[in-house]
Amino acid sequence: MIINSLIPAASTYAGDIDQLFDVIMLLVGIPFLISSYLFFAFIFKFKKKEGVPAMYITGTEHKYMKWIHRAHIPILTFDVIIVVMAVNVWYDIKQDLPEANSTVKVIAQQWAWTFVHPGPDNVLDTADDIVTINELHVSKDRLYHYKLEALDVLHNFSVPVFRLKQDAIPGRVITGWFEPTMTGEFDIQCAEICGIGHGLMPARIHIESASQHAAWVAENSPLAVAALSPGNTINTINTINTVETKIEEFAAR
Amino acid sequence: MSAKPTTTLITFATMALLVFMSIGFPSPAVAEDGAADLARGQKLFALCTQCHSANGGGDSSFLAPAIAGLPAWYVENQLKNFKSGIRGLHAEDRGGLRMYPMSLWIRDEADQKALAGYIESMPAVATKREIAHPGDATKGVGYYAVCGACHAADGTGNKAMSAPPLVGMSDWYLFSSIQKYKTKVRGSAVGDVYGPAMIGMVATLPNDDAIRDVIAHIQSLEK
């Protein structure tokens, strides 16, 4: 509701996370507003008055303590609601690994993302794998596993439209999943400070229809590229334009 | 004791003014006579020091070679190559991928020129010998004959051939650059005019020992 109005939800589990945020926002936000109102209302109501001495209250009597004890009941109830919902969402996204239709490698380094897509054979680590810099191509309605690595320091693979954030840790290969639900081009960002170039580590995810994605794979398979133009790697002009546009946008603010 | 409203207002106004002043104003990067604006270049160089060190002597742990004293035309060309993706945007080029976003901060040609001019004005820093198994300079003489055609017999480079000086470069950087050309990690991008020639030239170095030998010879040319 709240997050979805600011940024599209483009994965199967984005709605679950948005719902969790909405619940937390309401359960925490409404008591916050009430307590803030009371706080300032009491400050004005009981402000210094001529001839009225201040009361010294130890807070040990029941008639005062009950206002604290009663507040504990909704706090504990809300905590339990939030924990139960959060554990369910965490299990679905982080612990339950559904079977994948495809697997991609995501390699983070200072200060770029390398993506390894399976080629036409849909198998990684074969000759037709497609390697791109700062540009991930996936197909809508297809479940992907990602194998996340970091070559140097801590990074974080963050895809806001998926509501996906996962730390990348040097020496470890972390497996996760996502299933895109809409086509379009969206941001990928590093969400862990990783050095002076951290702010210039954006990439783009291209979510394509099945037919568009198949065409992209066929066109960019190293075997096809080699046949067209020996020695050339994938054209990176789109990525460059994207990053430069972002810098210009940043500088214009 | 609480501060008076006027005191608080003055404090905030002063802080706001300080923040505003700290943002600064962009200055033209090319001096009126067309020469590089060294003051602007020096300011821009602060970014480079993060990896290339304050004196421009480089740091192999950051995959950053020595750059102090390099000719401005070469530095400017490389900044343009990195920025356009002709150099550095390859999955196997870890140093290049670090340099690529840095080159984007040097926003326009005037700044590239100013930075390159400042780097050229810096005194060259004697580089450390970092290769684990140094080669044989005598054997390297023969291999260097091919390199010398463009980079000059004394290794000082040749602007007309777009060949940078090799003497004074970090040995680990020379080694990794030759390896990158041999594996087409460098030099094979679309739009790289001189890269394909380098790929052909390094093919005359048959193995790692030959690369070490030619680097040893280049080091022997340093005065």
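Odds and ends about this structure:
- Cβ-Cβ under 6 Å pairs, at least 6 apart or on other chains, segment B:169-193 side in contact (Cβ under 8 Å) with a residue 24 or more places away in the chain, far side basic (Lys, Arg) and outside any loop (DSSP other than H, G, I, E, B): B:ARG186/B:LYS180
- Subset of segment B:78-119 [of a type in the set (A, V, I, L, M, F, W, C), facing chain A (nearest Cβ under 10 Å), assigned to a helix (DSSP H, G or I) and within 21 Å of B:LYS182 (Cα to Cα)]: B:LEU97, B:MET99
- Of everything in segment B:170-192 that is within 14 Å of chain A (Cβ to nearest Cβ) and of a type in the set (A, V, I, L, M), the residue that is farthest from B:GLY96 (Cα to Cα) is B:VAL190.
- Residue in segment B:147-156 that is without any contact (Cβ under 8 Å) to a residue 24 or more places away in the chain, crowded, with 20+ Cβ neighbours inside 10 Å, out of contact with any Lys or Arg (no Cβ under 9 Å at 6 or more places or on another chain) and not hydroxyl-bearing (Ser, Thr, Tyr) present: yes
For (1) within 23 Å of A:ASP22 (Cα to Cα); (2) free of Cβ contacts under 8 Å to residues at least 24 places away in the same chain; (3) touching a Pro at 6+ places or on another chain (Cβ under 9 Å); (4) buried (at least 19 other Cβ atoms within 10 Å of the Cβ), each residue gets a yes or a no:
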residue	(1), (2), (3), (4)
A:LEU164	yes, no, no, yes
A:GLY171	no, yes, no, no
A:PRO180	yes, no, no, yes
A:GLY197	no, no, yes, yes
A:ILE207	no, no, yes, yes
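- Number of positions in segment A:92-124 that are surrounded by 19 or more Cβ atoms within 10 Å (Cβ to Cβ), part of a loop (DSSP other than H, G, I, E, B) and among the hydrophobic types (A, V, I, L, M, F, W, C): 1
- Qualifying residue in segment B:182-197 (condition: under 17 Å from B:ARG87 (Cα atoms), buried (at least 19 other Cβ atoms within 10 Å of the Cβ) and touching an Asp or Glu at 6+ places or on another chain (Cβ under 9 Å)): yes
- Qualifying residue in segment B:24-37 (condition: assigned to a helix (DSSP H, G or I) and either within 11 Å of the chain's Cα centre (by Cα) or at pLDDT below 95 (or both)): no
- When B:ASP213, B:ASP209 are checked against the criterion of being surrounded by fewer than 20 Cβ atoms within 10 Å (Cβ to Cβ), over 20 Å from B:ARG94 (Cα atoms) and charged (D, E, K, R), a single residue qualifies: B:ASP209.
- Residue within segment A:149-159 that is surrounded by 16 or more Cβ atoms within 10 Å (Cβ to Cβ), outside any strand (DSSP E or B) and more than 14 Å from chain B (Cβ to nearest Cβ) present: no
To keep it simple, each residue is scored yes or no on (1) without any contact (Cβ under 8 Å) to a residue 24 or more places away in the chain; (2) within 21 Å of A:PRO160 (Cβ to Cβ).
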| position | (1), (2) |
| --- | --- |
| A:PHE46 | yes, no |
| A:VAL80 | yes, no |
| A:VAL89 | no, yes |
| A:LYS94 | no, yes |
| A:ASN101 | no, no |
| A:VAL104 | no, yes |
| A:PRO120 | no, no |
| A:GLU135 | no, yes |
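- Test result for B:SER177, within 20 Å of B:LEU221 (Cα to Cα), hydroxyl-bearing (Ser, Thr, Tyr) and within 14 Å of the chain's Cα centre (by Cα): yes
- Checking A:VAL116 against (1) under 17 Å from A:VAL173 (Cα atoms); (2) in contact (Cβ under 8 Å) with a residue 24 or more places away in the chain, the condition it does not meet: (2)
- So A:ALA54, is it in a loop (DSSP other than H, G, I, E, B) and touching a residue at least 60 places away in the same chain (Cβ under 8 Å): no
- Residue that is surrounded by 10 or more Cβ atoms within 10 Å (Cβ to Cβ) and farther than 30 Å from A:HIS206 by Cα, where the choices are A:ALA41, A:ALA9, A:ALA14, A:ALA54: A:ALA41
The values are calculated or read from the model by the stated rules, or taken from the named source; none is laboratory data. The model shown is predicted, which means the values in this text are computed figures rather than measured ones. Here Cβ is always computed from backbone atoms with ideal geometry, including for glycine, and neighbour counts include all displayed protein chains.
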